[in-house]
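Just below is one structure, and these are the notes that go with it.
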Amino acid sequence: MDTPEPSRRGRRAVPLIAGLLAAVVFASLIYLHPTLPSLPKPPAAPPSPSPATIPAGYSHQYDFISATTGWALLVGTSPPTRFYVYRTTDGAKHWTMQLSADAAIPGFGEVKFFDSKRGVIGIGSPVRLYRTSDGGTHWDPVPLPPYQVNLVTFSDPSHGWLLASERDQGLLRHFLVTIDGGSTWTELAWPKGAAWANNGGAGEWGVCAGLWSRFACHLQFRRPGEGWLAAAGASGPTVYSTVDGGASWEPHDLPRPAGADVAIESFVGLLPGAGVIAYTDYCVPGDPCNSFAYTSIDGGTTWRSVTPPADCPRGRSSPCPSLPPWLVTFQDASHWWVASPGTVWESSDAGQSWKSVYEQLDNWVIQPQFVDVKHGWADLFMSAEGQASGLAMTSDGGLHWTQVNAPRPS
């Protein structure tokens, strides 16, 4: 007998029935064999290591010339001391030690690079100076005059100036310039009527190094001709300017705050592009010493007061990390930053108003610096002394900071 051919609907049902039977069989196998091994899980990713920090016992300074390339100088803070120079070319993912040597004076040092090849470092007080022309692969000592060199500053790889005193004497005696990177030095006349360091001595800070040189110092040069000197003149705190590399100077009296009595220290810093900012510590009878800041963009003819953040402590008894306690760093001509333990402020109008923008990084205090308007780095440190220090970086103009590796002496 002939078997009738299945209908179209029947033919479509065959694979469906087969699939159901397969599912029943597979379910039965699972039920009968509950120990059926499961598929292996992918291995868990290892935890990311914490960024390296600089151990306690070292002062440090960074100098970045781009978002990826920078140098770090570490100097031991207790004898016997050594200093170390490190370089990174990958945004602080890795650091390579380039130089290590004994440091005569604990804790003082400065590093400055002018481009990817040429840079200088100053160590201690009296200053020992080194220079490089190959990105730090090799460092050569720079010959200095036979005096006690208290401060050295460079505007470029060739042009530098130093302040020095006779050994074993506190009074300033010598002001010299080099135009060949320090191979030779020429004596210049000291500005008439100016007193060094406002105290008549060689300077409390010795080498213009560490935190100070980033913001302000007694002597700063923007280019081979233009320079600024903070000292004490006949009438009080005075800023001197030169347009001929220090051969001649013009004095500019700083404003005197109402009720101010004795000025104890002044410093000068360079504004981005053009202009100068000057800081002065004043003591008022019965009150703590306070710090005041003024800017000039017309060569010192007129001065405008800079308004500090309203809640930033001021004065020498302030818990802020530096003197003056609200030293400014610059992102560009308009965007300025001030840092103290617990708070970072930003100004978008060249220091006339401030807003708090502090982002805490695991209880670190951050001290920002900028390579350009987007990229910058920040020293990370604890407000208490004797703690480790770290490094953070930003790529969005300071809105967010990420902790990265700091070099560790071996």
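Would you kindly state how much longer the chain becomes between A67 and S133 on full extension, computed as 0.36 nm times their sequence separation minus their alpha carbon distance, in nm to one decimal?
Values: separation 66, 0.36 × 66 = 23.76 nm, distance 2.07 nm.
Separation in residues times 0.36 nm, less the Cα-Cα distance, equals 21.7 nm.
FRET efficiency for the D244 to N363 pair, using the beta carbon distance and R₀ = 45 Å, is estimated at 0.35. With neighbours defined as other Cβ atoms within 10 Å of a residue's Cβ, the residues S347, S334, S266 order from fewest to most as S334, S347, S266. Summing +1 for each Lys or Arg and -1 for each Asp or Glu among the other residues whose beta-carbon sits under 13 angstrom from that of V152 gives +2. Computed over every Cα-Cα pair of the range 88-141 and binned at 10 Å starting from 0, the pair-distance distribution P(r) comes out as 23, 52, 24, 1 percent. Extension gain for S116-E187 works out to 22.5 nm (0.36 nm per residue, less the C-alpha to C-alpha distance). The slack between K355 and K93, meaning 0.36 nm per residue of separation minus the straight C-alpha distance, is 91.2 nm. For the listed residue pairs K93/K374; K112/K374; K117/K355; K93/K355, the alpha carbons are over 26 angstrom apart in K117/K355; K93/K355.
We did not get these values from a lab; they are worked out from the coordinates using the rules stated. Quantities reported herein were computed from a predicted structural model and do not represent experimental measurements. Counting neighbours? That spans all protein chains shown, and the Cβs are built from the backbone with ideal geometry, glycine included.
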